[in-house]
Amino acid sequence: MISAITVLIVFSVLILIHELGHFVMAKRMKVKVEKFSFGFGPKLFSFKGKETEYLICAIPLGGYVKMAGDDPALAREGKDWEYLSKPIIKRFGIVVAGPLTNYLLAFLLFSLIFILGAPTFTTEIGKVIKDFPAYSAGIREADKIVSVNGKEVKYWDDLLSEITKAPSGEPMDVVLLRKDKTIRIRLTPKVITTKNIFNQTIKIGKLGIAPADKIIALKVSPVQAFYLGARKTLAITAFTYKALWHMATGGMPVKESLTGPIGIAAAIGNAAKMGMIYLIDITAQINLAIAIFNLLPFPVLDGGHVLFLLIEKIRKKPLSPKVEQVITQIAISLLIALAVFISWNDIAKFVIR
């Protein structure tokens, strides 16, 4: 029950923050907002503000902002407060405000995690695999690695980073602690050929070690937290777009790589059970995914509206309402088909056991 409430709260925040971005920017651009809706489908209840009707609808899987004069197929009054009466640059600002607000929230949540204490592994060894260089060199469980090739390492991610940066197949100097005794070891990683998440064949060096099952909270100053939060936001963005490209070109299987509301709900529920930090992290990651997805240059999405604005800028006039409507209808059909496909996969993965 608690997990279900948590999922609903997180979904609500994600939807509201996105639509709030459009809403606030529309107001700043002096565009009249007729409706601000949380959810789709039948209206459950609503109330009227000064000029905007605020609605709660039955299907809480989205929302929308209805602006005056935003439909090119309908007659307009030609008033300054209508959306299509505004210059392209102002319409662009309104369109991108939604995903950019998601980006901002993701960045702030990632930063908050580093302020509160990001869960991370130390460099203490929990397992040493036989027939790998670490075991042969004498590294054992409970040893703690303190430096690699002269570079101090405090956390497991630092250790992995230094191992990855080291030239493949070349010896490396490792300093470790064993019961307060400093030990210096020289070993050569075992080079293995494998496939990465993008299904690309790569060669990596492995020592044959795993971290101890001890997690500490990595806390930093607010300035450092903002830096790390921004770095993580950018890294996930780059990784996501790279993954989308590989899916589009057949390099990654779409079936195993995408998830929808059911999968997202399962991830939120699991994170809630693990603790608040994990819940904040999954909320930030989903926020980022919403921003990235919405910025794709596909009709119906915010990125599609940006594409139409770019076409209008180049042509010196917008596409005809009929052409835009046909393109939009095709896009909606494709999105519905994709949603059904992803939802069925989610049901198979998370519901049917």
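Relative to the current alpha-carbon distance between PHE298 and ALA217, full extension at 0.36 nm per residue lengthens the span by 25.1 nm.
For segment 80-187, trypsin sites (Lys or Arg not before Pro) meeting the loop criterion (DSSP other than H, G, I, E, B) and having at most 16 other Cβ atoms within 10 Å: LYS130, ARG140, LYS154, LYS179.
This ranking places LYS316, LYS206 by how few other beta-carbon atoms lie within 10 Å of each, fewest first, which gives LYS316, LYS206.
Exposure proxy for SER12, SER333: other Cβ atoms within 10 Å of each Cβ, ordered fewest to most, give SER333, SER12.
Of the GluC sites (Glu not before Pro) found in segment 133-221, those in coil by DSSP whose Cβ has at most 12 other Cβ atoms within 10 Å are GLU141. Among GLY126, GLY303, GLY229, the largest mean-square fluctuation in a Gaussian network model of the chain, built with springs joining Cα atoms closer than 10 Å, belongs to GLY126. Helix screen, the chain: DSSP H segments with Cα axial length of 18 Å or more and mean Kyte-Doolittle hydropathy at least 1.0 are 2-28, 88-116, 261-274, 276-294, 321-346. For segment 1-64, the list of GluC sites (Glu not before Pro) that fall in a loop by DSSP and count at most 12 other C-beta atoms within 10 angstrom reads GLU51. Sorted ascending by nearby beta carbons within 10 Å, beginning with the fewest, THR101, THR328 become THR328, THR101. Other residues with beta-carbon under 12 Å from the beta-carbon of PRO189 carry, at +1 per Lys or Arg and -1 per Asp or Glu, a net charge of +3. Think of it as helices only: each DSSP H run of n ≥ 4 in the chain is worth -39500 (n - 2.57), and spread over all residues that comes to -16500 deg cm²/dmol at 222 nm.
Let a ≥ b ≥ c be the square roots of the eigenvalues of the Cα gyration tensor of segment 189-243; is it rounded (a/c under 1.5), or, if not, prolate (a/b larger than b/c) or oblate?
Oblate.
Just so you know, all these numbers are worked out from the coordinates, no wet-lab data involved. Just so it is clear, the model here is predicted, and its values are computed rather than measured. As a convention, Cβ positions derive from the backbone with ideal geometry for all residues, glycine included, and neighbour counts pool all protein chains shown.
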